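> Dumping the structure here so I can ask a few things about it.
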Amino acid sequence: MKHLIAPSLLSADFMNLQRDVEMINRSEADWLHLDIMDGVFVPNISFGFPVLEGLKSLCEKPMDVHLMIVEPQKFIKEVAATGAYMMNVHYEACTHLHRTIAGIKEAGMKAGVTLNPHTPVCLLEDIIQDVDMVLLMSVNPGYGGQRFIEHSVEKTRRLREMIDRKGLQTLIEIDGGVNLETGKRLIEAGADVLVAGSFVFKAENPLQVIHDLKAL
Ligand code: DX5
Ligand code: ZN
């Protein structure tokens, strides 16, 4: 499968959100990645459901929602109402992950599980068959523009091995510090979806950067 590109809106110009989303619509991006933070699970607050609601009619790409919040199971209905394609919850934030995954699917969305950099992929051994995607954080979640954690390449390789060994179709998405150099190595290691925030939105020509990431 050709890899997918999901620009992260966190690094967009919030005073010109419509312009930036329309640029994504015209681009070769496959999805739009949306980072919701609560100031508890991560030390930052981003944007919430009213913004997603606004994007619902504007954004032509499937919405890949990454919830960096405690108790994400409380908001399954709200996320589904925004028309989201994928709902990603953190492994570290879910006591009853199996139930949460089932709830996301029942609400009509694809279910993703996200791992913080310190959480080993072996913990997915008994849940991976139920999830549509695993999102590996290659920075500590909370901010855009951070430095890529090198170990993520090896971690991607191990997750690829687990998925192939089990004969599953689970996607691997990587989030944090992605650029052309790290992106290339992540794809070689088995990544299916690359999230890129600052590398896309802080670029002089975001459309070209998305094209270059897609061409890796
Ligand atoms: C970080 C977010 C990321 C962020 C990535 O907590 O989950 O999606 O936007 O930003 P970059 O690509 O700049 O590292
Ligand atoms: Zn994210």
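A short reminder: the numbers here are calculations on the coordinates, not readings from a lab. All values reported here derive from a predicted model rather than from experimental measurement. When we count neighbours, we look across all protein chains shown, and the Cβ atoms used for this are built from the backbone with ideal geometry, even at glycine.
> Only one of (1) farther than 18 Å from Leu58 by Cα; (2) surrounded by 22 or more Cβ atoms within 10 Å (Cβ to Cβ); (3) among the aliphatic types (A, V, I, L, M) is not met by Leu4, so which one is it?
(2)
> Run down Met63, Met37 and say which single residue is surrounded by 20 or more Cβ atoms within 10 Å (Cβ to Cβ) and within 22 Å of Leu213 (Cα to Cα).
Values: Met37 fails: within 22 Å of Leu213 (Cα to Cα).
Only one candidate qualifies: Met63.
> Another one. Please count how many residues of the range 135-169 are under 18 Å from Met87 (Cα atoms) and surrounded by 20 or more Cβ atoms within 10 Å (Cβ to Cβ). Step through it out loud before you land on a result.
Going residue by residue through the range 135-169, those that are under 18 Å from Met87 (Cα atoms) are 135-137, 141-142, 169.
Those left that are additionally surrounded by 20 or more Cβ atoms within 10 Å (Cβ to Cβ): 135-137, 141.
The number of residues fulfilling the criteria is 4.
> Of (1) small (Gly, Ala, Ser); (2) more than 15 Å from ligand 1 (Cβ to nearest atom); (3) out of contact with any strand residue (DSSP E or B) (no Cβ under 7 Å at 6 or more places or on another chain), Ser11 satisfies all except one. Which?
The single condition Ser11 does not satisfy is (2).
> Shifting gears a bit: Out of all the residues in the range 10-25, is one or more aliphatic (A, V, I, L, M) and part of a strand (DSSP E or B)? Even if it seems obvious, please write down each step before you answer.
Let us first name the residues in the range 10-25 that are aliphatic (A, V, I, L, M), namely 10, 12, 15, 17, 21, 23-24.
Pick out the ones that are also part of a strand (DSSP E or B) and you get none.
No, the range 10-25 contains no residue that is aliphatic (A, V, I, L, M) and part of a strand (DSSP E or B).
> Does the range 11-23 hold any residues that are over 16 Å from the mean Cα position of the chain (by Cα) and surrounded by 13 or more Cβ atoms within 10 Å (Cβ to Cβ), and which are they? So that I can check it myself, show each step before the final result.
The first filter runs over the range 11-23 and keeps only residues over 16 Å from the mean Cα position of the chain (by Cα), leaving 13-23.
Correct list: Leu17, Asp20, Val21, Glu22, Met23.
> Can you tell me how many residues in the range 86-124 are within 15 Å of ligand 1 (Cβ to nearest atom) and touching a strand residue (DSSP E or B) at 6+ places or on another chain (Cβ under 9 Å)? Talk me through it step by step, then tell me what you get.
To start, the set of residues in the range 86-124 that are within 15 Å of ligand 1 (Cβ to nearest atom) comprises 86-93, 112-119.
Right, trim to touching a strand residue (DSSP E or B) at 6+ places or on another chain (Cβ under 9 Å) and you get 86-93, 112-117, 119.
Qualifying residue count, the range 86-124: 15.
> Continuing with the same structure: If a residue must be of a type in the set (Phe, Trp, Tyr) and under 16 Å from the mean Cα position of the chain (by Cα), how many such residues does the range 42-74 contain?
The initial filter retains those residues of the range 42-74 that are of a type in the set (Phe, Trp, Tyr), namely 47, 49.
Then drop every residue that is not under 16 Å from the mean Cα position of the chain (by Cα), which leaves 47.
So the count comes out to 1.
> Show the residue pairs that are 6+ apart or on different chains and have beta-carbon atoms under 6 Å apart, the first residue being within the range 38-58 and among the hydrophobic types (A, V, I, L, M, F, W, C), the second being not in a loop (DSSP other than H, G, I, E, B).
Matching pairs, first to second residue: Phe41/Met68; Phe41/Ala93; Val42/Met68; Ile45/Met37; Phe49/Glu78; Leu58/Val21.
> Let me ask you something else. Being of a type in the set (Ser, Thr, Tyr) and part of a loop (DSSP other than H, G, I, E, B) is the filter; apply it to the range 126-158 and report the residue that is nearest to ligand 1 (Cβ to nearest atom).
To start, the set of residues in the range 126-158 that are of a type in the set (Ser, Thr, Tyr) comprises 138, 143, 152, 156.
Imposing the further condition that a residue be part of a loop (DSSP other than H, G, I, E, B) reduces the set to 138, 143.
Working: Ser138: 8, Tyr143: 6 Å.
For the range 126-158, the residue satisfying everything is Tyr143.
> A further question follows. Which number in (1) over 11 Å from the mean Cα position of the chain (by Cα); (2) on the phi < 0 side of the Ramachandran plot marks the one condition that Gly108 misses?
Going through (1) over 11 Å from the mean Cα position of the chain (by Cα); (2) on the phi < 0 side of the Ramachandran plot one by one, Gly108 breaks only (2).
> Being away from ligand 2 (no atom under 13 Å from the Cβ), within 16 Å of the chain's Cα centre (by Cα) and either within 22 Å of Leu17 (Cα to Cα) or not aromatic (Phe, Trp, Tyr) (or both) narrows it down to one residue among Val139, Val131; which is it?
Numbers: Val139 fails: away from ligand 2 (no atom under 13 Å from the Cβ).
Testing whether each residue is away from ligand 2 (no atom under 13 Å from the Cβ), within 16 Å of the chain's Cα centre (by Cα) and either within 22 Å of Leu17 (Cα to Cα) or not aromatic (Phe, Trp, Tyr) (or both) leaves just Val131.
> Moving on. What are the residues in the range 164-181 that are more than 18 Å from the chain's Cα centre (by Cα) and either in a helix (DSSP H, G or I) or within 9 Å of ligand 1 (Cβ to nearest atom) (or both), if any?
Asp164, Arg165, Glu181
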